[in-house]
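Okay, so here's the structure we're looking at.
The values are calculated or read from the model by the stated rules, or taken from the named source; none is laboratory data. In this text, all values refer to a predicted model and were calculated from it rather than measured experimentally. With ideal geometry, Cβ positions are generated from the backbone for all residues, glycine too; neighbour counts draw on all protein chains shown.
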Amino acid sequence: MRNPNHTDQQIRNFFKEEGAEVTRLLQPLMELSSHSSTLILGYGGGEKATRKELLPYFHVCGAGGGEEPVRALIVGGWSGEETTTTYAIARFLASIEERLRLVSGIEVTAYPIANLEARRAGIAVTPEQEKEGVRFWCDSPFRHVRALENELRRYSYDLVIILREAAPAADMEVNVWPDSEVSASIVRDALNRYASAGTAFSWAFDPENGPFPRIFTPLPESGNQPTEVLIALPGSRDQEEQANQGMGLLLTMLHAARQAKAEGVL
């Protein structure tokens, strides 16, 4: 059985290597999944595509007690030039696989590198993406958009969380588009709890302007709407610090949602 702690260290080492290809960060997780019954590797966007074109994703299932789990979709690497969001999610997956009790009653599906095509080209967006615009729910020609649309249709998610890198920012910023007042209260309590630990960051609900736009929600023709959360990591800070902040907030929000579901609130 592969040691998840070794996986985390490998991810750290790969990230520190000068010029390391960011997709290499996923190789330790892929190897770990081959020996694990709780970390499942999958590929999205599969209509007439080669394996190289598909988006790798990971599904982590914490132990359940027979109750409906909290389901969270976590997305990184939305821009092809982002690396810290991929790093944070890869380390987050290794961490929760090592300590599955942390996600008991929670199912996490994560796409660490959403815009794989742009990532491989080493640019923020491809010329075609820039020309057409990367938009959801409008017959997008782009594989990563279609893959995530299918993912959102596949499960009834409680939370959809996207990590982005805000290059000039000194502090983390969180934008929340809740599906209800109940969900807003749950996320607000989680943010207050995380802030009480001493991390400096700001947040806003249903913002008109923010570091990045809302992209996933609302889902068209769906009675089950997830709460969408954008975590903008502070790009002016050390990448390790950015990743640690993102990982800590992810876990805090998932725990808050799990508690709310256990209490019959969510």
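The number of residues in the range 173-191 being in a strand (DSSP E or B) and either over 16 Å from the mean Cα position of the chain (by Cα) or modelled with pLDDT under 95 (or both) comes to 0. Total residues in the range 210-242 satisfying the condition of being charged (D, E, K, R) and not in a loop (DSSP other than H, G, I, E, B): the figure is 3. Put simply, of 97, 128 the only residue that is at pLDDT 90 or above and either aromatic (Phe, Trp, Tyr) or in a helix (DSSP H, G or I) (or both) is 128.
For the range 100-114, the count of residues that are assigned to a helix (DSSP H, G or I) and crowded, with 22+ Cβ neighbours inside 10 Å is at least one. Summed over the range 206-217, residues that are under 19 Å from the mean Cα position of the chain (by Cα) and surrounded by 13 or more Cβ atoms within 10 Å (Cβ to Cβ) total 7.
As for the range 121-143, it holds no residue that is crowded, with 18+ Cβ neighbours inside 10 Å, in contact with a Gly (Cβ under 8 Å, 6 or more places away or on another chain), of a type in the set (A, V, I, L, M, F, W, C) and under 26 Å from residue 28 (Cα atoms).
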